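Any read-out appearing in this document is the output of simple, stated calculations on the displayed coordinates, not a laboratory observation. Just so it is clear, the structure is predicted and the values come from calculations on it, not from any experiment. Virtual Cβ from ideal backbone geometry, glycine too; neighbours counted across all protein chains shown.
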Amino acid sequence: MRLSVIGCGYLGAVHAAAMTSIGHEVVGIDIDPRKVDALSRGEAPFFEPGLQDILTEGVASGRLTFTTDIAAAAGAAVHFVGVGTPQQQGGHAADLSHVNEAFDALLPHLREGDVVAGKSTVPVGTAAGLAPRVEAAGATLVWNPEFLREGWAVQDTIDPDRLVAGVPATPAGERAAQVLREVYHPAVAKGTPFIVTDYATAELVKVAANAFLATKISFINAMAEIAEVTGADVTQLADAIGHDARIGRKFLGAGIGFGGGCLPKDIRAFAARAEELGRRESVAFLREVDAINMRRRDRAVELVVDALGGVVHGKKVAVLGAAFKPFSDDVRDSPALDAAVRLNGLGADVVITDPQAIENARRLHPQLTYEVDRDTTLRDADAVLVVTEWDEYRRQMSAAHVSALTHGRVVVDGRNCLDAAEWRAAGWTYHGMGRP
Ligand code: UGA
């Protein structure tokens, strides 16, 4: 099928390349000429495992092209809109300006029978507002939320655990859902659940999923806070409750908390939307989820400060990790980078390393010191702070090796990813999050 993908950020670039890899002919459209140039050359504009390969293949095959010209969307059977919905400046609601601009630009190029598939994460009610304009152009709007995880984005797009299509209750809506089934044919053929809903449900599925995940993380981090005043170990607690299949161990990783371009802004936008709908109290707990999450960043910084005797001024702190999670170079709302910024603000001599995210981190915080080499980062450090659980720190770094490099013997494990016994045996003072 011929497809267009409007917005070639994280979601759009992966979607365009992934759709080509399952046999479609795709044009990716973005207003940023630099992004379009890089993608047209087959260069992935960010680090995402597997993306480079499918992008190279797609561009070489001639079935994947990129342009800044929205008119190139004409002739595609399905138009995916995957532009960003960041947090509003000075507020918690989602900024829908990119979505509105994308629809304004696309509408004149729609043809009778086209399907427009909204993928952006939007406040419930957005699709119902856009649908009449799409219908006036003879096309049908489907809301088709995206559940990809950074680091697994290619796999999650080609082989998702479920597909959701919010459609109007009309023959055109039914037909549009059928068209989407054809788009996602390999996943549909293998029996992936394909759930057809109305617009509001589809929009809510997305934010509810992210709100649930954020709540799960903050739940275990709240337990970490209790563990810290009682001497309990939150990682053992998570293992034990995680054996209950109704609870499950996934997303019970206590530590410095969640960040990234999705969970933090999505729970805030959800709370803001609920308030607009007169249901502030229904998701008031999300404010608490957010607050617990932000307190863990304070806690990680406090652990470093306390471990260094209350004064960090002039002390070298090696910060291992800048990305909001491993297998990503994304530093948007990264707890790792936030902790580094705070320690720097307290006068510590902070040096940050990360296998992928240094360039992005430097762009955001040019005032900080970055070092590509892990061991150079560690050299002469008074304290070590691990904030992104890359294998380079978790598996490929022994306490004995680090002992030969650093000045101090204090390690704060912001992701509870190190072997505490190993570090203690090597003479280190080990501090986890919610662990004795
Ligand atoms: C999240 C969702 O998991 C995806 O399903 C969704 O499609 C995506 O947002 C989106 O809305 O686009 P992502 O932002 O890639 O995906 O990251 P997650 O894997 O959810 O991790 C989010 C944060 O939670 C990271 O900072 C991670 O370190 C943290 N986390 C995760 C924990 O602190 N503890 C855990 O147990 C798990």
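May I ask which of K190/K325; K190/K216; K216/K325; K206/K250; K216/K265 have a Cα-Cα span longer than 21 Å here?
Long pairs (Cα-Cα over 21 Å): K190/K325; K190/K216.
Rounded, prolate or oblate: which fits segment 189-230, taking a ≥ b ≥ c as square roots of the Cα gyration tensor eigenvalues, rounded meaning a/c under 1.5, else prolate when a/b beats b/c?
In terms of gyration-tensor shape, oblate.
Which FRET efficiency, nearest 0.05, do A136 and E288 yield, Cβ-Cβ r, R0 45 Å? Can you show the working numbers first?
Numbers: r = 43 Å, r/R0 = 0.95.
Calculated transfer efficiency: 0.55.
Give me a comma-separated list of calculated 3J(HN,Hα) values for segment 251-268, in order, Karplus coefficients 6.51, -1.76, 1.60 applied at θ = phi - 60°, integers in Hz, x for any Gly or Pro.
Going residue by residue, I get 6, 10, x, 6, x, 7, x, 8, x, x, x, 10, 3, x, 6, 5, 6, 5 Hz, with x marking Gly and Pro.
Compute, for the chain, the length of the dipole vector about the Cα centre, with Cβ point charges of +1 (Lys, Arg) and -1 (Asp, Glu) only. Units Debye, rounded to 20.
Value, rounded to 20: 500 debye.
Using helices alone, what [θ] at 222 nm do you get for the chain, with -39,500 (n - 2.57) per DSSP H run of 4 or more residues, divided over all residues and rounded to the nearest 500?
Helix contribution divided over all residues of the chain: -13000 deg cm²/dmol.
Of H98, H15, H407, how do they rank once you tally other Cβ atoms within 10 Å and put the fewest first?
H407, H98, H15
If I model a spin label as a point 7 Å beyond the Cα along the Cα-Cβ vector, how far apart are those points for D37 and R149 in nm?
Output for this residue pair reads 3.6 nm.
Search the structure for amide H atoms under 5 Å from the amide H of I352, placed 1.01 Å from N in the peptide plane, and list their residues when 5 or more places away or on another chain.
V319, T369, Y370, E371
Just flag the trypsin sites (Lys or Arg not before Pro) in segment 117-218 sitting in loop per DSSP whose Cβ has no more than 14 other Cβ atoms within 10 Å.
Filter output for segment 117-218: R149, R162, K190.
Between A245 and T197, what is the label-to-label distance in nm when each label sits 7 Å out along the Cα-to-Cβ direction?
2.5 nm
Could you give the longest part of the chain that holds none of the GluC sites (Glu not before Pro) found in DSSP loops with at most 16 neighbouring Cβ atoms within 10 Å?
Longest site-free region, per DSSP loop and neighbour criteria: 113-436.
Can you work out the FRET efficiency for the pair D104 and D380, with r the C-beta to C-beta distance and R0 = 45 Å, to the nearest 0.05?
Calculated transfer efficiency: 0.20.
Below 8 Å between Cα atoms, with a sequence gap of 6+, how large is the relative contact order for segment 49-193 in percent?
On the way: 187 pairs, mean separation 27.4, N = 145.
With pairs under 8 Å counted, the relative contact order is 19 percent.
Report the gain in length on full extension from T230 to R395: 0.36 nm times residue separation, minus Cα-Cα distance, nm rounded to one decimal.
Residue separation times 0.36 nm, minus the Cα-Cα distance, leaves 56.5 nm.
Shape call for segment 108-169 from the C-alpha gyration tensor, a ≥ b ≥ c root eigenvalues: rounded (a/c under 1.5), prolate (a/b greater than b/c) or oblate?
It comes out prolate by the Cα gyration axes.
Work out how much length S61 to A425 would gain on full extension: take 0.36 nm times their residue separation and subtract the Cα-Cα distance, in nm to one decimal.
Roughly 125.5 nm would be gained on extension.
For each of W152, W390, count neighbouring Cβ atoms within 10 Å of the residue's Cβ, then give the residues from fewest to most. Show your work: numbers first, answer last.
Values: W152 15, W390 26.
Neighbour counts put them in this order, fewest first: W152, W390.
Going by the alpha-carbon gyration tensor, a ≥ b ≥ c the square roots of its eigenvalues, is segment 39-149 rounded (a/c under 1.5) or, if a/c is not under 1.5, prolate (a/b greater than b/c) versus oblate?
oblate
Quick one: if the Förster radius is 60 Å, what FRET efficiency do A169 and Q367 give, using the C-beta to C-beta distance and rounding to 0.05?
Numbers: r = 55 Å, r/R0 = 0.91.
After rounding to 0.05, the efficiency reads 0.65.
Would you give the gap between the C-alpha center of segment 234-284 and the C-alpha center of segment 27-101, rounded to a whole Å?
29 Å
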